[in-house]
Amino acid sequence: MSYNIIPVSILLIGAYILSFVFYKRGFIRKVLHVRIWNILIFFSFLIVGVFGIILIAFIENGITTPISQKMLFWHVEVGIALLAISIFHIHCYWRSFRRILR
């Protein structure tokens, strides 16, 4: 099974740059820019977490179905998206992260 690391990453990077440019040029407010990415990180985390728990239950009970393979694919794909969105999240909250790390 092959995963779409580069296309997913490029799509999300492009979307983040677009929303960041819209924010910087005044088309949208910073609150909306941050809210978009907070919502995406939440749903990505939710999907990865729920699919991960279901997959663990399948593995622990020895269940193998075509659905589990599709679920594994989407678990990894959304996990890739979650990684990229997490980096954007750090960019949005960089000052807070910097204070925490001091």
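The values are calculated or read from the model by the stated rules, or taken from the named source; none is laboratory data. Since we're looking at a predicted model, the values are computed, not measured. Here Cβ is always computed from backbone atoms with ideal geometry, including for glycine, and neighbour counts include all displayed protein chains. These area figures cover heavy atoms from the full protein model, side chains too; ligands, DNA and RNA do not enter into them. Shrake-Rupley method; radii C 1.70, N 1.55, O 1.52, S 1.80 Å.
Listed here are the residues, each with its yes/no results for (1) over 15 Å from His91 (Cα atoms); (2) assigned to a helix (DSSP H, G or I); (3) aromatic (Phe, Trp, Tyr).
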{"residue": "Phe20", "(1), (2), (3)": "no, yes, yes"}
{"residue": "Val31", "(1), (2), (3)": "no, yes, no"}
{"residue": "Asn38", "(1), (2), (3)": "no, yes, no"}
{"residue": "Phe42", "(1), (2), (3)": "yes, yes, yes"}
{"residue": "Phe45", "(1), (2), (3)": "yes, yes, yes"}
{"residue": "Val48", "(1), (2), (3)": "yes, yes, no"}
{"residue": "Ile54", "(1), (2), (3)": "yes, yes, no"}
{"residue": "Phe58", "(1), (2), (3)": "yes, yes, yes"}
{"residue": "Thr64", "(1), (2), (3)": "yes, no, no"}
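Hey, any hits in the stretch 49-58 for a residue that's exposed (fewer than 14 other Cβ atoms within 10 Å of the Cβ) and over 22 Å from the mean Cα position of the chain (by Cα)? The answer is yes, given that some residue of the stretch 49-58 is exposed (fewer than 14 other Cβ atoms within 10 Å of the Cβ) and over 22 Å from the mean Cα position of the chain (by Cα). Among the residues here, Val78 does not qualify as assigned to a helix (DSSP H, G or I), among the hydrophobic types (A, V, I, L, M, F, W, C), touching a Gly at 6+ places or on another chain (Cβ under 7 Å) and at pLDDT 95 or above.
The set of residues in the stretch 1-48 being among the small types (Gly, Ala, Ser) and either within 20 Å of Met71 (Cβ to Cβ) or open to solvent by 70 Å² or more (accessible area, probe 1.4 Å) (or both) consists of Ser2, Ser44. Among residues of the stretch 81-102 that are touching a residue at least 24 places away in the same chain (Cβ under 8 Å), those with a Cβ under 6 angstrom from a residue that is surrounded by 14 or more Cβ atoms within 10 Å (Cβ to Cβ) and hydroxyl-bearing (Ser, Thr, Tyr), sequence gap 6+ or separate chain, pair up as Ala81/Ser44; Leu82/Ser44; Ala84/Ser9; Ile85/Ser44; Phe88/Tyr16.
Under the condition of being buried (at least 17 other Cβ atoms within 10 Å of the Cβ) and of a type in the set (Val, Ile, Thr), which residue from the stretch 77-100 is nearest to Gly49 (Cα to Cα)? This residue is Val78. Filtering the stretch 64-75 to residues that are open to solvent by less than 70 Å² (accessible area, probe 1.4 Å) and either touching a Gly at 6+ places or on another chain (Cβ under 7 Å) or of a type in the set (A, V, I, L, M) (or both) leaves Met71, Leu72, His75.
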